[in-house]
Amino acid sequence: MLALALCAVVVTLVLAVVYLVRTDAAWALWWHDNYLERLKDFVSGTTRPVRILRHVQQVARRGDARSVLCAVDSYCSTVEWAMNVGDKKGQILDAAVQETRPCWVLELGTYCGYSTVRMARLLPPGARLISVEMNRHYAQVAIEILRHAGMDAQLTPASGDCPAHEDQPAGGTKLPAPQQRRWRLQEALIYTTLHCLQLPLQLFSRSPPNPLNPSIPQETSTETPLNSQGCKVEVLVGSSSDLIPQLKKKLDVDAFDFVFVDHWKASYLRDVRLLEECSLLRPGSVLLADNVTCPGAPDFLQYVRNSPRFQSQYFPAQLEYLQVQDGMEKSVFLG
């Protein structure tokens, strides 16, 4: 009887989680961006960015940016979800870049370099794309993917660069107090599963996988990137709040023509205000912010939609590779 009761509890719990993952955006993000990722990290001994990189190296043609994008899209839609901007919202990004025709581009949040490749392939010769990424491991993977796509890319570590915030929920948003209990439950489910897997993996594996292994498959090649005469991509490693005030002096940039905002959602408003304070926006500069609906950036939306310095437009969409409502906000700086 006890065994039947335990089975009933487990089945009920599983059904409840499945229902929440299919109907609730926050649970869908947690399931894909935390639970499954950590399980695969634990079992494979690699990280999701490395798994994406290996897939790109295996199936994408070197020097072909479109092939790289297709490889990432196919992997993330059929094998393992990742929070790139994705193919559907990527079309909104493409249209905004082509309409703006920028020479100086700033990206906040590089991750694996998918959106960096999308933008760089559309920029004219002589343009510069600066991407800011706080996680050194992500930045290293992004550089490998950018170079595989034929981009002239370099990595510039900042002093005291920071690792990813592993204690944050998906999307980098801080959970309100009433939602902390749900996050603790989600964390408990992750670690319970990992502990259940640990013993059989140790018994049947000669070298147990290490989920914290930061190794990245390196491709040592002397090939010149195919678009080395085109735009130049530079990935800066460090906190956006620390790096933004340094950009004018560090890069000798007057202002950015286009800014793609896709890092920690709780940092959107802070960093946009910082760009204004540092005079890194000019009249006509375009900001495009991703994931403003899911996970959401309500304080940022309230600011750009009500500030006389911005003219904003919302583009409804779906969260990358999922059937969950999301959207992008395009804001033109008026000066």
Condition broken by Arg101, with the remaining ones in (1) buried (at least 17 other Cβ atoms within 10 Å of the Cβ); (2) in contact with a Pro (Cβ under 9 Å, 6 or more places away or on another chain) satisfied: (1)
Test result for Ala153, in contact with a helix residue (DSSP H, G or I) (Cβ under 8 Å, 6 or more places away or on another chain), at pLDDT below 95 and in a strand (DSSP E or B): yes
Candidate set from segment 69-79 (those that are open to solvent by 30 Å² or more (accessible area, probe 1.4 Å) and in contact (Cβ under 8 Å) with a residue 24 or more places away in the chain); member that is farthest from Tyr321 (Cα to Cα): Val79
Hits in segment 59-68 - residues which are open to solvent by less than 20 Å² (accessible area, probe 1.4 Å) and touching a helix residue (DSSP H, G or I) at 6+ places or on another chain (Cβ under 6 Å): Ala60, Ala65, Val68
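Among the listed residues Thr100, Thr116, Thr46, identify the single one that is in contact with a Phe, Trp or Tyr (Cβ under 6 Å, 6 or more places away or on another chain) and over 20 Å from Leu29 (Cβ atoms).
Exactly one of Thr100, Thr116, Thr46 is in contact with a Phe, Trp or Tyr (Cβ under 6 Å, 6 or more places away or on another chain) and over 20 Å from Leu29 (Cβ atoms), namely Thr100.
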Output for segment 247-265, where each listed residue is out of contact with any Gly (no Cβ under 6 Å at 6 or more places or on another chain) and more than 15 Å from Val85 (Cβ to Cβ): Leu247, Lys248, Lys249, Lys250, Leu251, Asp252, Val253, Asp254, Ala255, Phe256, Asp257
Top-ranked residue in segment 292-335 [being in contact (Cβ under 8 Å) with a residue 24 or more places away in the chain, exposed (fewer than 14 other Cβ atoms within 10 Å of the Cβ) and not acidic (Asp, Glu); ranked as farthest from Ala95 (Cα to Cα)]: Pro308
Pairs with Cβ under 8 Å, 6+ apart, first in segment 269-286 and within 15 Å of Ser240 (Cα to Cα), second open to solvent by 30 Å² or more (accessible area, probe 1.4 Å) and among the small types (Gly, Ala, Ser): Arg270/Ser241; Asp271/Ser241; Leu274/Ser241
Meets criteria (within 17 Å of Leu236 (Cβ to Cβ), in contact (Cβ under 8 Å) with a residue 40 or more places away in the chain and not basic (Lys, Arg)) for His148: no
Of the criteria (1) basic (Lys, Arg); (2) open to solvent by 20 Å² or more (accessible area, probe 1.4 Å); (3) at pLDDT below 95, which one Lys265 fails: (2)
Test: Asp299 is of a type in the set (D, E, K, R), out of contact with any Ser or Thr (no Cβ under 6 Å at 6 or more places or on another chain) and under 30 Å from Ala26 (Cβ atoms): yes
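The values are calculated or read from the model by the stated rules, or taken from the named source; none is laboratory data. Because the structure is a prediction, the values reported are computed rather than measured. Cβ coordinates were reconstructed from backbone atoms using ideal geometry, including for glycine residues, and neighbour counts include every protein chain displayed. Remember, those area values only see protein heavy atoms, side chains included, never the ligands or the DNA or RNA. Shrake-Rupley method; radii C 1.70, N 1.55, O 1.52, S 1.80 Å.
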